[in-house]
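Notes follow once the structure below has been shown.
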Amino acid sequence: MRIKSIIYTLLLLPLLAVASCSSSNNSPNQLSGKSVKSPNGNIELTFALTDNGRPTYEMSYKGKAVVLPSHLGLILAKDKHASRGDAETDLMEHFTIKSQETSTFDETWEPVWGETKTIRNHYNELAVTLEQDTARTIVIRFRVYDDGIGFRYEFPQQKDLNYFLIQEEMTEFAMAGNHTAWWLPGDYDTQEQETQQTKLSEIRGRMKEAVNWGNSSVAVFSETGVQTSLQMKSSDGLYINIHEAACADYATMHLELVDGKTKALTTQLGGGSNAYTPNPKGSSYPLPKPYTFVSHLTPDATGLKGAMQTPCATPWRTVMVSDDARDMLSSNLILNLNEPCALDDTSWIHPTKYCGVWWEMIVGRGSWHYTNDFPSIHLDQIDWTKVQPNTTHKANNENVKRYIDFAAKNGLDEVLVEGWNVGWEDWANMWKRDVFDFVTPYPDFDIKMLNDYAHSKGVKLLMHHETSSSTQNYERHMEKAFQLMNQYGYDAVKTGYVGDIIPRGDHHYSQSMNNHYLYVVKEAAKHHIMVNAHEATRPTGLCRTYPNLVGNESARGTEYEAFGGSRPDHTCILPFTRLQGGPMDYTPGIFVTKLSEWSQNDSWARITIAGSLALYLTMYSPLQMAADLPENYEKFDDAFQFIRDVACDWDESIYLEAEPADYITVARKAKGTNNWFIGGKCDENGHKSTITLDFLDNGRQYECTIYADAKDAHYEKNPQAYTISKKMVKKGDVLKLKEAPGGGFAISLMAK
């Protein structure tokens, strides 16, 4: 990212100006602390110590409580190698304030790709340096933005805090009421769940039915544990979102709700010793108040939550707030809390539209594997030229060329091919370590010929590396795999982490796995390769620092439409939750929604064709797939024109309408042009949208093409009913559209 302008002004305030914290009936006994407001004054953050020296913070928005006084701190694990007898002393209490410094920061930076050409990073900061019994020092740093706060723990290098192990981070988020929440079950290994909508008090009762028990790897830890990004709405109209930013060399954070029944957390759902307990290690720390979330880190194979060496810092813990749902979607708080771009050259990174050999296998009409002859295989013991092929392998020369021709004809940049490399015959054995080598193609996949053919058509192939969650195996082969990609002109790879992690006992979101995912991104950057990671940890804005991380799945994507389907409101909540940390490769664009029309699969996608087009705007990503089959798009070629036209990189984005899980309408201006695109998507109830085109340029005419649901369209009864209309429009004109249940609309505005 290129810094456009920076204004950095330090405002060091003398401690005598420190204000006392506000007190309330909900407040612990507090000593004097410091309050900091956002640049526009709407958000106020207050820090204080309790009378036993325990750090706390609280947060308000326009005078309304957002986070009630909440404790901060970490519980450390005893290190058998520690040289000091008190090496496991918790970082929870007995602190005194050594210093408090405030500052302000204001910059405008340009992302390599994104929803806007520039992003403003403007905050007021409070850095509190704490001493614990004069032996240990930590810094708690708060950044207060107009749309929320971020804070983290920092550990300077010091004699009495050098190496340490984390048993649990005990950051609290005390909510001011029994909010409505949109949540996923807390799980160490999967986000492929369907969002639940309940009051906070109802999470426990919904948990068992909310879990996707059929996923390839499930590790639910509590009856009240939920994942971030957690979206909530208060009864007085505040939208509140809790997440984290810049999660590197640290475990992914979940949230555990204290709901008045905390002692029962260890009894069900495999909670065991990992579930929240009121008094960790027999301590006297008080139980938080009801409707308080407590951070819950993902353990590694040893059960520990982190191994740290100073100097170091935790990820940022974030709380976004607004009385307008659109502000949740337009926020750049998560990106701004990440470090600037670490890459010197980003010219090779480019937004991409692609199709691929994928959906027909997901649905069950084809296979990834080449032969049915072996119940298991050893890669180095098979002469693949002598193996009897099956008739269902789809990564074959003829089929891949068909997709290449389709991409070239329709202006798509790349073609994903899954199942091209040997090893798929027994890849689903989740305990197999040496499952793929990532360089050896099956006999019916001529890697040189196909890449030459694609390049001759102006198209590239998109590499696929399914690791089967055997991370050591992938790291062992990664360099040769990336060299192979360079040799044949691949510039992007889709990685996958299906199944339980190997080394055995580890989890997808542990500190070690987060380090692995980032290692892959860094190594790929050395080879000028973009990464699209599936089944990896949920994003926390690291794509700002490493913009070759162009996409993640990390949620319940389109593939689940072949596994029983997702509710129509699913794509109306993901932008409020999963997409807060970075773009998602949702793989949209399904036109033939009843899969039985072309396969033996009787599942169906709960969306209309117009709704499918809308996803290219509402589900932001610089990496967008046309996921359906070429022959299915040919049946609706006039509707497919929108996918040909729509951009995937933007100069400006304006969220026009939004309500979590109900509807989203967004207008985006294509990068480097005067063309705009608008998308609207709604839930099963339908939606009426009125759009005033006041964002268009003065004096300019636009050719407006509207792809809308037909009057009788319905995601279940008539999903393929749509209309296409054209007219000339200008700034200030008004468009009125009706979205069908499970439907939407897409509009292209081509400047003249």
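The values are calculated or read from the model by the stated rules, or taken from the named source; none is laboratory data. Small disclaimer: the values here were computed from a predicted structure and weren't measured. Neighbour counts are summed over all protein chains in view; Cβ atoms, including those assigned to glycine, are modelled from backbone coordinates with ideal geometry. Surface accessibility is based on the protein's heavy atoms, side chains included, excluding ligands, DNA and RNA. Shrake-Rupley method; radii C 1.70, N 1.55, O 1.52, S 1.80 Å.
Data for the structure
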read-out	value
The chain: angle of helix 609-618 to the longest principal axis, Cα-based, in degrees nearest 10	40
Euclidean distance of C-alpha centroids, segment 206-231 and segment 309-331, integer Å	22
Point-charge dipole on Cβ atoms (K/R +1, D/E -1) for the chain, about Cα centre, debye to 20	1200
Neighbour cut-off at most 16 other Cβ (10 Å), DSSP loop, chymotrypsin sites (Phe, Trp or Tyr not before Pro), segment 152-226	Trp213
Residue-normalised accessible area of the chain, expressed per residue, 1.4 Å probe, Å²	36
Helix 447-456 vs. the chain, principal-axis angle (Cα, 0 to 90°, nearest 10)	80
Degrees separating the helix 397-410 axis from the principal Cα axis of the chain, which is the longest one	80
Cα lying deepest toward the dipole's positive end in segment 459-591, options Ala536, Gly499, Val550, charges on Cβ	Val550
Estimated inter-spin distance, Lys409 and Gln472, nm [label 7 Å along Cα→Cβ]	4.8
Within the accessible area of the chain (1.4 Å probe), percent carbon and sulfur	47
Per DSSP, loop trypsin sites (Lys or Arg not before Pro) in segment 158-225 with at most 15 further Cβ within 10 Å	Lys159
Alpha-carbon centroids, segment 673-752 and segment 122-174: separation in whole Å	47
At R0 = 41 Å, FRET efficiency that the Cβ-Cβ distance of Trp431 and Lys98 yields, to 0.05	0.20
When each of Lys432/Lys494; Lys401/Lys494; Lys594/Lys738; Lys233/Lys669 is checked by Cα-Cα distance, pairs over 25 Å	Lys233/Lys669
